[in-house]
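See structure below.
Please treat every number below as a calculation from the coordinates, not as lab data. All figures in this text were calculated on a predicted structure; none of them were measured in a lab. Counting neighbours? That spans all protein chains shown, and the Cβs are built from the backbone with ideal geometry, glycine included.
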Amino acid sequence: MKASTLVSTRSVTTKLLTTASVGALLLGLSATAQADNWRYAHEEYEGDVQDVFAYAFKEYIEENSDHTVQVYRFGELGESDDIMEQTQNGILQFVNQSPGFTGALIPEAQIFFIPYLLPTDEETVLTFFDESKAINEMFPELYAEQGLELLKMYPEGEMVVTTDEPISSPEDMDNKKIRTMTNPLLSETYDAFGATPTPLPWGEVYGGLQTGIIDGQENPIFWIESGGLYEVSPHLTFTGHGWFTTAMMANQDFYEGLSDEDKELVQEASNAAYDHTIEHIKGLADDALAKIQEASDEVTVTRLNEEQIQAFRERAPQVEEAFLEMTGDRGEELLQQFKADLEAVNSDS
Ligand code: 6CS
């Protein structure tokens with residue numbers, strides 16, 4: 001081979017190699033840029049409902065993309081309000097925060113604390129969350145105003161009140177300091193029920209019950225079991241007044257910055273996590289109650305009868321009024337839609 005041919009072959013090879021390497025480098029770089037690690041915080045512990053949701057979401061994302069999701073549980077990054085602030089600031093990409101806390105930021109989210117608005121029947125409630133226009137169309141707009149992309153709202157379980165003594169009437173609530181999550185409407189509810197509402201973040205509840213700073217609290221049964229609340233607040237009352245509802249969302253700037261493909265991935269992962277979690281909560285309350293009763297002889301369970309419930313239900317209108325005062329026309333529109341959605345579910349069943 002002539003020297004000149006050699007040189008030119010070599011230079012072509014070099015050129016090809018250079019192009020290939022740059023291509024590989026670019027590919028490598030873009031692969032790195034696309035394979036992100038998303039941070040997701042929630043308010044509960046390992047195996048609890050929000051954790052089940054978060055891990056189903058993570059699993060879907062990781063099985064269907066190169067992205068990874070890092071899940072942070074209660075306490076790892078602070079209280080519920082801390083993880084919301086971190087999400088609004090873009091430090092976290094995803095957060096699960098319950099309206100019990102979000103209600104202080106988005107007053108309309110307090111709708112879940114109007115007592116006796118939601119029925120106790122699990123199937124009706126699950127269908128409502130699936131089909132409600134208020135939940136699936138109106139709430140995303142309200143969350144968007146706070147820089148949040150609402151991905152799912154879902155119920156975790158029926159609320160049960162735990163106290164230091166058995167209760168069956170509003171009179172029994174007299175002078176009882178009942179811990180509430182930190183939204184003003186829930187204080188109205190317990191005020192209406194005859195108690196002294198005491199708003200506290202989650203981290204202070206067990207100790208507060210143990211030391212007698214508070215006399216009771218409300219939560220779904222699975223949480224009363226998993227958090228050991230029955231150990232320090234052993235008298236359980238099924239009042240039928242509401243459901244613990246929660247919501248999973250993303251920082252909206254982050255979400256808007258995703259490719260169409262990744263937006264679809266996040267939506268599909270949220271749907272998959274929702275379906276999985278709804279299956280998980282079916283029968284969960286009964287299992288948790290059985291565990292509590294096995295673990296403690298001290299626990300009493302009171303299921304209010306219709307007449308006893310009526311005494312609490314009669315106090316609901318003043319809470320609904322307070323909700324409307326706090327939220328104005330927008331709250332009224334939401335409440336009307338919420339009621340219409342419930343009616344539609346009831347008439348279908
Ligand atoms: O009562 C609370 O504050 C907590 N309850 C539940 C069921 N989940 C998280 C929340 O922080």
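Each residue in segment 60-93 was checked for being within 16 Å of Met248 (Cα to Cα), more than 16 Å from the ligand (Cβ to nearest atom) and outside any loop (DSSP other than H, G, I, E, B), and 5 of them qualify. Six or more apart or on different chains, Cβ atoms under 7 Å: show the pairs whose first residue is in segment 46-66 and free of Cβ contacts under 8 Å to residues at least 12 places away in the same chain and whose second is not in a helix (DSSP H, G or I). Matching pairs, first to second residue: Glu62/Thr68; Glu62/Val69.
Condition first: surrounded by fewer than 18 Cβ atoms within 10 Å (Cβ to Cβ) and on the phi < 0 side of the Ramachandran plot. Now tell me which residues in segment 89-121 satisfy that.
Those that are surrounded by fewer than 18 Cβ atoms within 10 Å (Cβ to Cβ) and on the phi < 0 side of the Ramachandran plot: Asn89, Ile91, Pro119, Thr120, Asp121.
Selection of segment 199-223 for residues being acidic (Asp, Glu) and in contact with a strand residue (DSSP E or B) (Cβ under 7 Å, 6 or more places away or on another chain) yields Asp215, Glu218. Among the residues of segment 109-116, some residue qualifies, meaning at least one is away from the ligand (no atom under 16 Å from the Cβ) and more than 26 Å from Asn305 (Cβ to Cβ).
The set of residues from segment 232-275 being aliphatic (A, V, I, L, M) and either free of Cβ contacts under 8 Å to residues at least 24 places away in the same chain or within 16 Å of the ligand (Cβ to nearest atom) (or both) comprises Val232, Leu236, Ala247, Met248, Met249, Leu258. Looking for something surrounded by fewer than 16 Cβ atoms within 10 Å (Cβ to Cβ) and more than 13 Å from the ligand (Cβ to nearest atom) - is there at least one such residue anywhere in segment 176-183? No; the residues of segment 176-183 include none that is surrounded by fewer than 16 Cβ atoms within 10 Å (Cβ to Cβ) and more than 13 Å from the ligand (Cβ to nearest atom).
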